[in-house]
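Visitor: Mind looking over this structure? Questions follow.
The values are calculated or read from the model by the stated rules, or taken from the named source; none is laboratory data. Note that the structure is a prediction, hence the values are computed from the model and not measured. Virtual Cβ from ideal backbone geometry, glycine too; neighbours counted across all protein chains shown. What goes into the accessible areas is simple: the full protein's heavy atoms, side chains included, and nothing from ligands, DNA or RNA. Shrake-Rupley method; radii C 1.70, N 1.55, O 1.52, S 1.80 Å.
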Amino acid sequence: MGRWLLFLTGFGFSVAGGTVTITYLNLIPAGLDWIEFLLFIRDRPECYLFPLGILLISLALLLMSDSFTK
């Protein structure tokens, strides 16, 4: 049960972080170049939810694959 909760939490984090990062892509037509954009999202804590979510999903899948081999 805990592995599914970890998977779903990671999925929620990755969706939230990905959505915010894609939303910030609208700043590029406003005059930011790619370097400025990357520096901008580096300072935003909500953009770190996407890699954290991917990490949690990977961890949950790794733990689930151990239970399937037993």
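Visitor: Exactly one of these conditions fails for F37: (1) open to solvent by less than 50 Å² (accessible area, probe 1.4 Å); (2) within 15 Å of the chain's Cα centre (by Cα). Give me its number.
Guide: (2)
Visitor: A further question on this structure: Return yes or no: is L5 surrounded by fewer than 13 Cβ atoms within 10 Å (Cβ to Cβ) and either among the acidic types (D, E) or without any contact (Cβ under 8 Å) to a residue 60 or more places away in the chain (or both)? Lay out the reasoning, then the answer.
Guide: On the way: surrounded by fewer than 13 Cβ atoms within 10 Å (Cβ to Cβ): yes; either among the acidic types (D, E) or without any contact (Cβ under 8 Å) to a residue 60 or more places away in the chain (or both): yes.
The answer is yes for L5.
Visitor: Would you mind stating whether A16 is in contact with a helix residue (DSSP H, G or I) (Cβ under 6 Å, 6 or more places away or on another chain) and either free of Cβ contacts under 8 Å to residues at least 40 places away in the same chain or loosely packed, with under 15 Cβ neighbours inside 10 Å (or both)?
Guide: On the way: in contact with a helix residue (DSSP H, G or I) (Cβ under 6 Å, 6 or more places away or on another chain): yes; either free of Cβ contacts under 8 Å to residues at least 40 places away in the same chain or loosely packed, with under 15 Cβ neighbours inside 10 Å (or both): yes.
Yes; evaluated as a whole, the condition is true for this residue.
Visitor: Condition first: surrounded by 13 or more Cβ atoms within 10 Å (Cβ to Cβ) and in contact with a Leu (Cβ under 7 Å, 6 or more places away or on another chain). Can you find one or more residues in region 41-59 that meet it?
Guide: yes
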